[in-house]
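Engineer: This structure is in structure tokens; I'll ask about it shortly.
The values are calculated or read from the model by the stated rules, or taken from the named source; none is laboratory data. Values in this document were obtained by computation on a predicted structure and should not be read as measured data. All accessible areas refer to the heavy atoms of the entire protein, side chains included, with ligands and DNA or RNA removed. Shrake-Rupley method; radii C 1.70, N 1.55, O 1.52, S 1.80 Å.
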Amino acid sequence: MKLVNKRSTNKRLSRKFIAKSAKSSTRSELYWHKWGIRAGKADAATHSTSQESYQKRALNTYWLKRMKSNLFHPSSRHYRAASKGYVAGFCQASGMPMTDWVLLPTEDRLQLLSV
């Protein structure tokens with residue numbers, strides 16, 4: 001007699017379940033985007049990139065410090081939303097023109113590419 005795991009059997013997903021999971025994913029992405037905006041504005045108040053020759057590298061350094069201090073794991077599925085929010089918040093607070101950067105969780109200079 002073969003044992004069947006009820007959870008692993010193929011089942012059709014109901015539309016209600018799909019809509020509910022998409023809504024919760026959007027809510028959590030929005031949360032992390034807003035978290036990034038608040039963090040970016042806070043860092044812009046204490047740091048400046050105007051004297052830097054390569055602003056993206058400086059901004060990435062501040063982002064790394066913020067991630068390490070708040071225990072935000074870079075492999076999180078909401079990393080992109082938080083990173084884009086951080087850039088948006090930093091640009092708003094510091095007066096930098098808005099950019100479409102996604103900051104990377106690395107200190108390596110070669111990995112800082114324009115996205």
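Engineer: Given the Cα-Cα distance of Q51 and R77 and 0.36 nm per residue of separation, how much length would full extension add, in nm?
Structural biologist: Extending this stretch completely gives an extra 6.0 nm.
Engineer: Same structure again: At 1.4 Å probe size, put S69, S76 in order of accessible surface, largest to smallest.
Structural biologist: Of S69, S76, the descending order of accessible area is S69, S76.
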